[in-house]
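The values are calculated or read from the model by the stated rules, or taken from the named source; none is laboratory data. What you see is a predicted model; the values in this text were computed from it and never measured. Cβ sites come from the backbone with ideal geometry, for glycine too, and all protein chains shown count toward neighbours. Note: areas computed on protein heavy atoms with side chains; ligands, DNA, RNA excluded. Shrake-Rupley method; radii C 1.70, N 1.55, O 1.52, S 1.80 Å.
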Amino acid sequence: MYDKGKVLTGLAIFVAIVTFPVWYDLVHAQHVPKLEKPTLSKKCVADIAYMRTSHMVLLDNWRNEVVREEKRKLIDVEGKPYAKSLQMGCMKCHPDRKKFCDECHTYASVDPFCWDCHFQPKKEAN
Amino acid sequence: MDVKRRNFLKIAGLSAVAGLGASSAFTQLLKGNALASEEGAGGGETAAGHGAPEQGGHQEAETAFQYGMVIDIPKFAANKGLAEKCINACHYEHNVPDYGNPKDEIKWIWVDDYEHSFPDASQYKRNAGLNDLPVLLTCNHCANPPCVRACPTQATFKNDKGVVIMDFHRCIGCRFCMAACPYGARSFNWRNPREQYANGNYKFFKHGLNPNYPTRMRGVVEKCNFCPERLAVGKPPACVEATGDTKAMVFGNINDPNSEIAKVLNANFTIQRNSAAGTKPSVFYII
Amino acid sequence: MLEKALVGSNKYWAWIFFLLGVITIGGLFYLYQFNYGLGATGMSRDVSWGIYIAQFTFMVGVAAGGVMLVLPYYIHDFKAFGKITILGEFMAIAAVAMCIMFITADLGQPMRIMNVLLHPTPHSMLFWDMIVLNGYLFLNAICGWVILNSHNKGVHYPHWVKPFIYLSIPWAFSIHTVTAFLYCGLPGRHFWLTAILAPRFLASAFAAGPSLLVLIAMVLKRVANFDAGDKAFQKLGTIITYAALANFFFLGLEFFVAYYSRIPGHMHTLDYLFWGLDGHNNLVLPMRFSLTIGLIATTMLLFPQIKRNEGTFALSCAMLFLSLWIDKGVGMVLGGFVPNPFDRVTEYYPTVIEIGISLAVWAAGALILTILYKIAISVQAKEA
């Protein structure tokens, strides 16, 4: 191999940079997110596994149904009606954005723009 | 061609083929109208039970329902401050920011004088008082909206109640709709409406925020949506509610001949803004 | 072939770094605009499109102008355009790239630009504009690159390129027609609501595009030892002259319709642009200047002596280009907004941010053009 030293050094630097997120996380181990459980009700509009992986899909579908198709029928969960709405639905049981949304979003380093427009009840709106 | 005329010709043509003759074509048309009105009053689902007339009728399903508004300008002129009440009600309800400068301005409903509201109407020897008459203006929710044609993402569209809706989530902020709207009904979020002072107060919401309605983010277009969230729970639009018992604003399905608004339209001479543009505005004015 | 752009004189590199510098400064301005919002520009509720869209419209014309070389060369086998046609195709690439950058700079939510593809909307002219612009970029990139690559290898270009070349000709007309449709299909804006807008756009494009090419080719003659040939210059001069004549003829027709019919909506914008309306006359001086130098340049080009003399030919091309840039890159878009449909006038002043970003887009276009031309000229120099 020509330029063995240069190639290997380059390769080493490349590998170090690419794997940076992995070992950075090993050193700065973060606490696993723990969500605040709602006190008002026990059952969600969909099962927990689905909500964990796909709540954003659900919210997106709700948004399309309400805004674009005028399908605003309330969702009935064990006799309790819920509005298809982040602000007027989800936040009724999960009122604290910090403890419920940001907890995971920060951990997973995702930055949804919900809060550019929507409010959490009574906190931001004043 | 006008919908009624198209219906008539269609029914007349079909009747002629069936050998029913012209007089029966006319009765068919009357029946068709009555059915359409029941559909409007009953709200969609019940009408299906009657069975739509075989001829005509249902191809125009998309225009069977059209929310509209009659604005009585003399009543507003007689009730000083009523227009402002409507504007404040709407702008508070929907968290419309007040920037205090024309460059950033956002408005869903506003007042301008007659001269600049109806510039295409004759100005020749016009009554002097008329030109300064304040006129309440908002989105016309056109039956034939150029903004909907222009939008490249269907972020603005006509819903099945004839309302021109803005989908704030989908808007890419190209502002083609603003160029297309002949009425200046559309505003753009030139900056973040939720900018705060150091003490946490919002800069552009002097009357506070309505916690039940979101704000918008910078970079999207917004306008009056005829309050679909209120209509869904049986309430009139915020501006109409603000007029109280004055009847200065009448709201309803203009395609339902039995509706209050249809009766008002039938009984009064009304005008629309720039009707020559062919957009078929659903907001009518009594002068 | 890209490696040919990596070797050059000090002057070449100085030019490249100058452009990169302008792009960097403009990029910082864009970062500010991205974070603050489009309020960083001079646009407002009434003037909702400003110099970004105006420059976009003008650049679509420059891109379409490339067809004035492709058409005579490939259809009429006009051999004198042999060396310069590739410059026309590459100019189209740079111009379309600039169009895309101007559109992106103008979006309130650029992150959502893919919504146009996610929710295709055939009734929107902007949807079609996206299709024709990207298509034209693709066609020119294919034709230009493959043909140049064949030159580089000393072989005739492959036959499969031919259909793309032929397709690119009507396609060039389509890009500017659809761009005109953005404006002329809107009810309520009388200034744009004219069936002659697309032909007017094309005429001005076929004058402005080749004018710019003549000027660039003259610069290349001095700095890159590239001679397009006298015959090519003279033919371009003729094309420019006729296109410019058509352009001013169309403009005259607009004046006639407005002022003979005396329909107020038709007159307002022309009043604002050339005489001032209700005391607002920001664009009167530039528009009169544009019309004057445009007419003088067109008259100059009618004289063979002026066209044959390189100095005066360059001067008339420069005057014409500037005239058409003011007319379409400033007056056309602003004229449709500043006098609004409600008989009110809202003036518009571009901000430093907006001008900086626009300059950066021009610089980015120049950079693309420089790199592509460097490659093209190196290949042709090797051949000679």
Tell me, what HN-Hα J-couplings in whole Hz come from the Karplus equation 6.51 cos²θ - 1.76 cosθ + 1.60 at θ = phi - 60° for each residue of region B:75-91, using x for Gly and Pro? 5, 5, 5, 6, 9, 4, x, 5, 4, 4, 4, 4, 4, 5, 4, 5, 5
Report the calculated FRET efficiency for residue C:14 and residue C:166 (r = Cβ-Cβ distance, R0 = 41 Å), to the nearest 0.05. 0.50
So, taking all protein chains as they sit and a 1.4 Å probe, how much accessible area belongs to residue C:288, in Å² rounded to tens? 110 Å²
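Gain in length, residue C:195 to residue C:355, computed as 0.36 nm per residue apart minus the alpha-carbon separation, to one decimal in nm?
Extending this stretch completely gives an extra 54.4 nm.
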So if each residue of separation counts as 0.36 nm, and I subtract the Cα-Cα distance between residue A:109 and residue A:22, what length gain in nm does that give? 29.9 nm
³J(HN,Hα) computed for each position of region C:239-248 - Karplus, 6.51 cos²θ - 1.76 cosθ + 1.60, integer Hz, glycine/proline x: 4, 4, 4, 5, 4, 5, 4, 4, 4, 6
Which of A:21, A:77, A:88 sits farthest toward the positive end of the charge dipole of chain A, with +1 on the Cβ of Lys and Arg and -1 on the Cβ of Asp and Glu? A:77
Selection from B:117, B:173, B:102, by position along the positive dipole direction of the protein assembly as shown (Cβ): B:173
Per the 1.4 Å probe, what fraction of the accessible area of chain C, in percent, lies on carbon and sulfur atoms? 72 percent
Please compute the net charge surrounding residue A:105, taking Lys and Arg as +1 and Asp and Glu as -1 over other residues with Cβ under 11 Å from its Cβ. -1
Quick one: how many Å² of residue B:254 are accessible to a 1.4 Å probe, rounded to 10? 40 Å²
With just the Cα atoms of region C:46-196, tell me how far they stretch along each of the three principal axes, in Å, largest first. 56, 34, 26
Whole number in Å², please: accessible area per residue of the protein assembly as shown, 1.4 Å probe, ligands, DNA and RNA not counted. 47 Å²
Taking Cα pairs closer than 8 Å and at least 6 residues apart, the relative contact order of region B:174-224 in percent is 45 percent
Loop only per DSSP, at most 10 neighbouring Cβ atoms within 10 Å: give me the GluC sites (Glu not before Pro) in region A:36-126, ordered by residue number. A:78
Say the dipole of the protein assembly as shown comes from +1 at the beta carbon of Lys and Arg and -1 at that of Asp and Glu; which of C:269, B:81, C:169 then lies farthest toward its positive end? C:169
Global form of the protein assembly as shown, assessed from the alpha-carbon gyration tensor, a/c cut-off 1.5: oblate
Using a 1.4 angstrom probe on the protein heavy atoms only, line up A:32, A:45 by accessible area, largest first. A:32, A:45
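Hey, got the average number of other protein chain Cβ atoms within 10 angstrom for residues in B:112-123?
Going residue by residue through B:112-123 and averaging, the value is 2.
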Find, among the GluC sites (Glu not before Pro) in region B:193-287, those assigned to loop by DSSP (not H, G, I, E, B) with at most 16 other beta-carbon atoms within 10 angstrom. B:195
Per its Cα gyration tensor (rounded if a/c is under 1.5, else prolate when a/b beats b/c, else oblate), chain C is best filed as prolate
R0 = 60 Å: FRET efficiency of residue B:233 with residue C:382, Cβ-based, nearest 0.05? 0.20
Which length gain, in nm to one decimal place, applies between residue C:309 and residue C:5 when the Cα-Cα distance is subtracted from 0.36 nm times their residue separation? 106.2 nm
Modelling each spin label as a point 7 Å along the Cα-to-Cβ direction, I'd like the residue A:76/residue C:344 distance in nm, to one decimal. 5.1 nm
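Using +1 on the beta carbon of Lys and Arg, -1 on that of Asp and Glu, and nothing else charged, what's the dipole of region A:1-58 about the Cα centre, debye to 20?
Details: 7 positive and 4 negative charges, 42 e Å.
Value, rounded to 20: 200 debye.
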SASA check, residue C:227, accessible area w/ 1.4 Å probe, all protein chains in place, rounded to nearest 10 Å², comes out at 70 Å²
Summing -39500 (n - 2.57) over every DSSP H run of at least 4 residues in chain C and dividing by its residue count gives a helix-only mean residue ellipticity at 222 nm, to the nearest 500 deg cm²/dmol, of -24000 deg cm²/dmol
Among B:245, C:230, B:113, what's the order by accessible area (1.4 angstrom probe), most exposed first? B:245, C:230, B:113
Please tell me the relative contact order of chain C in percent, rounded to the nearest whole number, where contacts are Cα pairs under 8 Å and at least six residues apart. 31 percent
Could you list which residues have their amide H under 5 Å from that of residue B:69, counting only those 5 or more apart in sequence or on another chain, with H placed in the peptide plane? B:283, B:284
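Based solely on its DSSP helices, what 222 nm [θ] is calculated for chain A when runs of n ≥ 4 H residues each add -39,500 (n - 2.57) and the sum is averaged over all residues, nearest 500 deg cm²/dmol?
-11000 deg cm²/dmol
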Euclidean distance of C-alpha centroids, region B:117-196 and region B:228-274, integer Å: 19 Å
Can you list residues whose amide H is under 5 Å from residue B:157's amide H, if they're 5+ apart or on another chain and H is modeled 1.01 Å from N? B:165, B:167
